[in-house]
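The values are calculated or read from the model by the stated rules, or taken from the named source; none is laboratory data. Every value quoted in this text rests on a predicted model; they were computed, and no experiment measured them. Don't worry about glycine lacking a Cβ; one is built from the backbone with ideal geometry, like all the others, and counts go over all protein chains shown.
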């Protein structure tokens, strides 16, 4: 049967945790982003194609976008209250992945979220944003074993999001002032599962108190457009001291960021990418130069992005 | 020598922690409150008098207001950059304490903060609010051994405050929608030091993550005037399960609060007072009636207050 409709979308990279908000905060950024072409089919079937340079799993169950689309199709089939435009649906997805898997920039989230948001656009907004997050979380489970929402939520909502609770899901979009973001991705491998395993299962209460003071401060700073408060709150004594060991050059870049005038920054997601937030674009450019120097000296290849807060989330593309 | 000036102030009770914000959040309430009469003297001397029904330490060093005033006088004497209206200062303080010590309602904070705010009014606002908090924290150290700010900050600033960091001090006043507050103080003794000792020194990371999700949610809810979000965020799996054991009737009152339609609530400070937040005054009245029934049945005397968020902090009184 002929395809029903087609769409092309852009799915942005995301920075999970935002230093102090481990597992609850995330932010979408304008670059890098994935491009995905989705075709709606009128039978229950998923076809996956990859035109990008990074290999992706071909089987639907092992592919994060496949898993997310499967969850969406299941909801479509099982929920009689939905106003279905077609008796059955399926999808052909062509992914041009630009966010490198394993970069800590929400590559799997972009695939999972991009696929289901594109699907929803083809289905005339049948599902809510929150439902789309739940579908995309199935993709995250394939990628990391955990149905976490801290990347898929900002990817879908745009801006900064708080996942107050993952089960039951409660996503709160947060405001934010304009922000320039510098990201460096050193070409070393840190697996999300390894980055999780090295974390201690218990934390000192007094350290946790510092952390939640900073989280509360960061949220207040975002509401108030208070760059100083945002900067002062970007501190993490729980996750960063352990995980940063896996990332050469981390401390140098962080110290330089403060010295140069960045608001602050840290590990993006579970790494190895490092990000810095700046109020001024020039500061974001300056720290990018420094990041490059650090990895040049270490002899480690890297990608660097100087970008800005993405406020739209996933958008239909005019490519 | 004759006294220079006199003032009378009202210092409100405060609710520290606000369920999920252990050691960082606090809220001022309209009732109960202490009344304090402060006279400025022109020599370095502190005289303390007590006209209330509760015994208070008579020695300046052991009295929380005495310790706070001592810190203020020391700063006055030692800081040459201050525009001092008098060469030397001292105070006579008459306290009419209405917030029972050991109630968990910030009784020591009201004394400490009330004394230094009154002193500052007599000194034509020589010190900033943040400096007054640091003086009052010396009183808190006398009371509990810890220079904490989660009660003195809301007492001085009014409303809801975040102590993002105690050392160095960073206080962030937070907005809040109108709130009705019901407080019950069962006449049992829970010492702050005991309530601290029973806490575990370590917490599970996964529990801490839930907690900071709720803290972030509560702060966002306060900024957004979102009563649902405030209510959903009022959850504490770290402190309350341990401390509530010390408070008979706690779980019954909490369950009833939810059933009646309160937003939520929990232990005020380190207890034994219990508070409930409500959107509607009738709900606040209803839970007050239930609280009374619980303690009547348990044969425990109690005080109950149905009051509202105090947005002014300490104010000069027209008594």
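What the table below lists for this structure:
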quantity	calculated
Sole exception among (1) modelled with pLDDT of 95 or more; (2) under 18 Å from residue A:32 (Cβ atoms) for residue A:135, by number	(2)
Filter pass, residue B:156 being under 17 Å from the mean Cα position of the chain (by Cα), at pLDDT 95 or above and closer than 22 Å to residue B:60 by Cα	yes
All positions within the stretch A:230-243 that are without any contact (Cβ under 8 Å) to a residue 60 or more places away in the chain, touching a strand residue (DSSP E or B) at 6+ places or on another chain (Cβ under 6 Å) and either farther than 15 Å from residue A:278 by Cα or not assigned by TED's automatic domain parsing to the domain that holds residue A:301 (or both)	A:243
Condition met for residue A:68 (part of a strand (DSSP E or B) and buried (at least 20 other Cβ atoms within 10 Å of the Cβ))	no
Selected residue [in contact with a strand residue (DSSP E or B) (Cβ under 8 Å, 6 or more places away or on another chain), more than 14 Å from chain B (Cβ to nearest Cβ), surrounded by fewer than 16 Cβ atoms within 10 Å (Cβ to Cβ) and not in a strand (DSSP E or B)] from A:81, A:77, A:43	A:43
Residue B:189, sole failed condition from (1) touching a residue at least 24 places away in the same chain (Cβ under 8 Å); (2) within 9 Å of chain A (Cβ to nearest Cβ)	(2)
Residues being assigned to a strand (DSSP E or B), touching a helix residue (DSSP H, G or I) at 6+ places or on another chain (Cβ under 6 Å) and over 17 Å from residue A:273 (Cα atoms) - total across the stretch A:1-33	4
Test set (1) at the interface with another protein chain (Cβ under 8 Å from one of its Cβ atoms); (2) touching a residue at least 60 places away in the same chain (Cβ under 8 Å) - residue B:184 fails condition number	(1)
Residue in the stretch A:27-34 that is closer than 30 Å to residue A:216 by Cβ, modelled with pLDDT of 95 or more and within 14 Å of chain B (Cβ to nearest Cβ) present	yes
Unique residue being within 14 Å of chain B (Cβ to nearest Cβ) and more than 16 Å from the chain's Cα centre (by Cα) when the list is A:194, A:170	A:170
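Yes/no per residue for (1) farther than 23 Å from residue A:204 by Cβ; (2) within 11 Å of another protein chain (Cβ to nearest Cβ):
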residue: B:154; (1), (2): yes, no
residue: B:180; (1), (2): yes, no
residue: B:223; (1), (2): yes, yes
residue: B:227; (1), (2): yes, no
residue: B:237; (1), (2): no, no
